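Okay, structure first, notes after.
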Amino acid sequence: MIRDQEILSQLLDTISRFVRERLVPNEERIAEEDCIPAEIVAEMKELGLFGLSIPEEYGGLGLTMEEEVLCAFEIGQTSPAFRSIFGTNNGIGSQGIIMDGTPEQKAHYLPKLATGEMIASFALTEPNAGSDAASLRTSARRDGDHYVINGTKRFITNAPEASIFTLMARTNPDDKSASGISAFIVEKDSPGLSLGKIDKKMGQKGAHTCDVIFEDCRVPAANIIGGIEGMGFKTAMKVLDRGRLHISATCVGVSERLIRDSVRYAAERIQFGKPIGEFQLIQAMLADSKMEAYAARCMVLDAARRKDLGENISTEAACCKMFASEAVGRIADRAVQVHGGAGYITDYGIERFYRDVRLFRIYEGTTQIQQLVIARNMLREIA
Ligand code: COS
């Protein structure tokens, strides 16, 4: 749903210009320095990028899902690490509070997340609970007006930068199922919370992950999301359904960027006396990539529109995440191939995207988890 086409077009133009003029020229720098420069983060705050999806009453832009994916198509046209720094405030870090938080929790945290004054991180995965999210072991034991939290969360995006964590922990030790899990807002300065070393990753330099360790960490009982125990797993699943659409849109953006770079290279690079783009074997690769990116774009837009209409898009979001993340993997591979030797050399940046996009098939649910979600929903519908 697009509320005001003119305002949206202005926003998309502004984001597109920011990506072209400020982010693309800094891609190599953030890969080398493994850090998003403070002046760029300040500009992102200025543009409102930390609050794209946060409701207007809390100081965000309150974008609809369709508007948000259109923005993500633009933001995806550069290194994914740039998106990552504000991605969790719009997505998995904040959405638990937006969807299920109490009015007090929303009023306290959302305005600071919308401006980027606070960064929110989503803490679900553990050393022994990844795809099987419901098997998580981090415990939250009630003690008066507090919960005492013990456990370790792993690969937590933006944890080194985070001010708050949306944490999933087991409040009922006797219930090993999903209904024993609750969601909490945990502030980074809580006594007993510490961070592990920043992980060394294959790609997406500039976006950071690390362990978050809770040792008798005391959290006010008022910070349980929604004020009731046992709802945390469902909150996490709803957050992930939505997050998967945003990631899919980012995959579309990266795909379109890689295709543009590949077409330009194919038009300029001369071999056998003519541009390589005139050879049909190169054309086939360009066409296959275009077809897949276009299909992914259409899927994402359709699912986003359905979400705006209030439909349950769990299946569609999983289809989008699976298709768009697998497609961008193939598109990045073809981009390397079209660029030939240059595609393998760091200076051209294509090999960096090739490594960066590999994560899309893994986080916010692997391709295999998307397959499982899609098929289970299909079987449930018929039952
Ligand atoms: N929206 C709302 N509620 C949902 C839901 C969704 N999308 N999916 C599941 N639920 C609810 C179910 O309805 C069920 O509630 P009831 O007990 O009241 O019926 C409850 O949650 C448990 O669901 P289920 O039995 O399906 O849980 P499973 O343990 O079988 O879940 C999957 C399996 C694979 C769906 C889940 O573990 C998952 O999504 N794993 C991937 C996690 C992930 O993406 N990790 C990435 C790291 S986070 S960046």
Packing rank of 130-142, 164-176, 315-327, 17-29, where each peptide gets the mean count of other beta carbons within 10 Å, highest leading = 315-327, 164-176, 130-142, 17-29
In nm, to one decimal, how far is the modelled label at E56 from the one at D302, with both set 7 Å along Cα→Cβ?
-> 3.1
Only helical DSSP H runs with n ≥ 4 go in: add -39500 (n - 2.57) per run for the chain, normalise by residue count and round the 222 nm mean residue ellipticity to 500 deg cm²/dmol.
-> -16500 deg cm²/dmol
Enumerate the residues in segment 142-160 having an amide nitrogen under 18 Å from the point lying 7 Å beyond the Cα of D174 toward its Cβ.
-> 142-143
Enclosed volume per residue, in Å³, of the convex hull spanned by Cα atoms of segment 128-259 | 119
Neighbour-count ranking for Y344, Y354 (other C-beta within 10 angstrom, fewest to most) reads Y344, Y354
Determine the gain in length on full extension of the stretch R376-E28; use 0.36 nm per residue of separation and subtract their C-alpha separation, reporting nm with one decimal.
-> 121.1 nm
Each label sits 7 Å from Cα toward the beta-carbon; between T102 and V263 the label points are separated, in nm, by 5.4
Working out 0.36 nm times the residue gap between D13 and F279, then minus their Cα-Cα distance, what length gain in nm do you get to one decimal?
-> 92.3 nm
Nitroxide proxy distance, nm - points 7 Å out along Cα→Cβ at E117 and N312 = 3.9
Report the extension gain between D4 and E43 in nm, rounded to one decimal, defined as 0.36 nm multiplied by the number of residues separating them, less their alpha carbon distance.
-> 11.6 nm
Packing-wise, with mean Cβ within 10 Å as the measure, how do 333-340, 36-43 rank, highest first?
-> 333-340, 36-43
Taking Cα centroids, how far is segment 149-195 from segment 307-328 in Å?
-> 27
Where does helix 5-18 land angle-wise versus the long Cα axis of the chain, in degrees 0 to 90, nearest 10?
-> 70
Kirkwood Rh in Å, taken over all unlike Cα pairs in the chain = 21.4
Quick shape check on segment 1-115: root eigenvalues a ≥ b ≥ c of the Cα gyration tensor, a/c under 1.5 is rounded, otherwise prolate if a/b tops b/c, else oblate, and it reads oblate
Under 1.5 on a/c is rounded, so check that first for segment 182-311, then, if it is not, pick prolate when a/b is larger than b/c and oblate when it is not; a ≥ b ≥ c are the square roots of the alpha carbon gyration tensor eigenvalues.
-> oblate
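Coordinate-derived values only; no laboratory data. As the structure is a computational prediction, the values presented were derived from the model and not from experiment. Heads up, the Cβs are rebuilt from the backbone with ideal geometry, glycines too, and the neighbour counts pull from every protein chain shown.
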